1. With the structure loaded, tell me whether residue 150 is out of contact with any strand residue (DSSP E or B) (no Cβ under 9 Å at 6 or more places or on another chain) and more than 22 Å from residue 84 (Cβ to Cβ) or whether it fails that test.
2. Taking the stated definitions as given, is residue 203 more than 26 Å from residue 82 (Cβ to Cβ), without any contact (Cβ under 8 Å) to a residue 60 or more places away in the chain and over 14 Å from the mean Cα position of the chain (by Cα)?
3. Filter the range 43-68 down to residues that are without any contact (Cβ under 8 Å) to a residue 60 or more places away in the chain and under 15 Å from residue 115 (Cα atoms) and give me whichever is farthest from the chain's Cα centre (by Cα).
4. Looking at the range 14-40, which of its residues are outside any loop (DSSP other than H, G, I, E, B) and surrounded by fewer than 20 Cβ atoms within 10 Å (Cβ to Cβ)?
5. I'm trying to understand the selection: among the residues of the range 177-186, which are closer than 17 Å to residue 31 by Cβ and surrounded by 14 or more Cβ atoms within 10 Å (Cβ to Cβ)?
6. Kindly provide the set of residues from the range 160-186 that are part of a loop (DSSP other than H, G, I, E, B) and in contact with a strand residue (DSSP E or B) (Cβ under 9 Å, 6 or more places away or on another chain), ordered by number.
7. Just wondering, is there one or more residues in the range 85-107 that are over 25 Å from residue 17 (Cβ atoms), loosely packed, with under 15 Cβ neighbours inside 10 Å, touching a residue at least 40 places away in the same chain (Cβ under 8 Å) and out of contact with any strand residue (DSSP E or B) (no Cβ under 7 Å at 6 or more places or on another chain)?
8. Suppose the filter is buried (at least 19 other Cβ atoms within 10 Å of the Cβ), touching a helix residue (DSSP H, G or I) at 6+ places or on another chain (Cβ under 9 Å) and farther than 17 Å from residue 115 by Cβ; does residue 71 pass it?
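Computed from the coordinates by the stated procedures, all read-outs in this text should not be read as laboratory data. In this text the structure is predicted, and so the values were computed from the model without any measurement. Here the Cβ positions follow ideal geometry from the backbone for every residue, glycine too, while neighbour counts run over all protein chains shown.
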């Protein structure tokens, strides 16, 4: 498979998104979900169209509450567990946008955003999107990166918040829960995109080829 730059990837994606109202971008931690979502959104806006961008991180239960509870596997509730999200709130927004209605969306660390019911595309990015129903007007991308790349990106992002030991423990719990709770339900993805360490991409048109394959 040939490596693609971000611009080449977007140019390849745009025809596939024609006629779709929603784009779900799901993937393991550090795979670049937010980066890809923002790039697609900006591409659409630069063309004079409206695009809504929603992060499922804004529908996650409070961190202290999640870390005080125990999952069946013995770990705390990470964002790789369905019970970590207020999904009904997100589903209400999706329903409103489906019907062409404007609605407000409240990010955790920003002012409220008015989402347009007339948007060309509604992008929902984050692990939480894996737990949303796959509707006929949805295009779903599964974003994948190697564990070493994920760990390196997490270390760079979270080094001021976690000690090396805490970061590694969190990483191991997240990956165990991702493999158990998220990976098995991503077989309905329309496209698999592999995010390389150097921020180039590879695409796989048959998601089943990576289903159940552990990242080494």
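1. No; evaluated as a whole, the condition is false for this residue.
2. Considered against the rule, which asks whether it is more than 26 Å from residue 82 (Cβ to Cβ), without any contact (Cβ under 8 Å) to a residue 60 or more places away in the chain and over 14 Å from the mean Cα position of the chain (by Cα), residue 203 comes out as no.
3. 45
4. Hits for the range 14-40 are 14, 15, 16, 34, 35, 38, 39.
5. Once the filter is applied, which keeps residues that are closer than 17 Å to residue 31 by Cβ and surrounded by 14 or more Cβ atoms within 10 Å (Cβ to Cβ), the range 177-186 yields 177, 178, 179, 181, 182, 183, 186.
6. 186
7. Yes: one or more hits.
8. Here the answer is yes, as residue 71 does meet what is asked.
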